[in-house]
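Contents: one structure, followed by commentary.
The numbers here are math on the coordinates, done by the rules we state, and not lab data. Just so it is clear, the structure is predicted and the values come from calculations on it, not from any experiment. Positions of Cβ are generated from backbone atoms using ideal geometry, with glycine treated the same way; all protein chains shown enter the neighbour counts.
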Amino acid sequence: MSSNELFEDVFDVQRRDPDGRKFDKVSHREAPAAVSRYVLKSDLYEFEATVDINIDIFPLQVGDKVSLCLARTIHKDGTAETGKYDKTFPTFSKKETLLDSYDYVMHGKVFKYGDTHSGGSTKLEIYFSFGGLLMKLVGDPSKLKVIEVDSTVYLLIRRL
């Protein structure tokens, strides 16, 4: 895990749309998209993630194994994002980024923290929004202490 990566683990896809299909065709800028909510369980750190994914772009099946990473920036050298148009952006300059190593990427913001008590231990719940697609990550607070409310993050996922 590099310095700009906040969290990385391998997850198994446990369930799809556990509460039923909430978003059949989400209309965003006149381009409807199918979205499913997935429940993922991690192998290494025993985390649970509930994440909305555009299945037109990145369909997953129960039983799939994925690597999930949260990063501050897509630049491998840790260069901070400016939030403005950059004509030297890696896509144009052919500079290698984290995008090259993943199948599905979303950019968003941390909007809420919470604690949960389960089995005698305290776990941290962090909520993210990626343009309206949501993710909740639950796990060991010591592994998530680098993630701050109101910070922007990239969610990067690849199939294994």
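Things to note:
- Zone of Asp12's modelled label, taken as backbone nitrogen in segment 58-73 under 14 Å from a point 7 Å along Cα→Cβ: 62-66
- Greater than 21 Å apart at Cα, pairs in Lys76/Lys136; Lys41/Lys95; Lys112/Lys145: Lys76/Lys136; Lys41/Lys95
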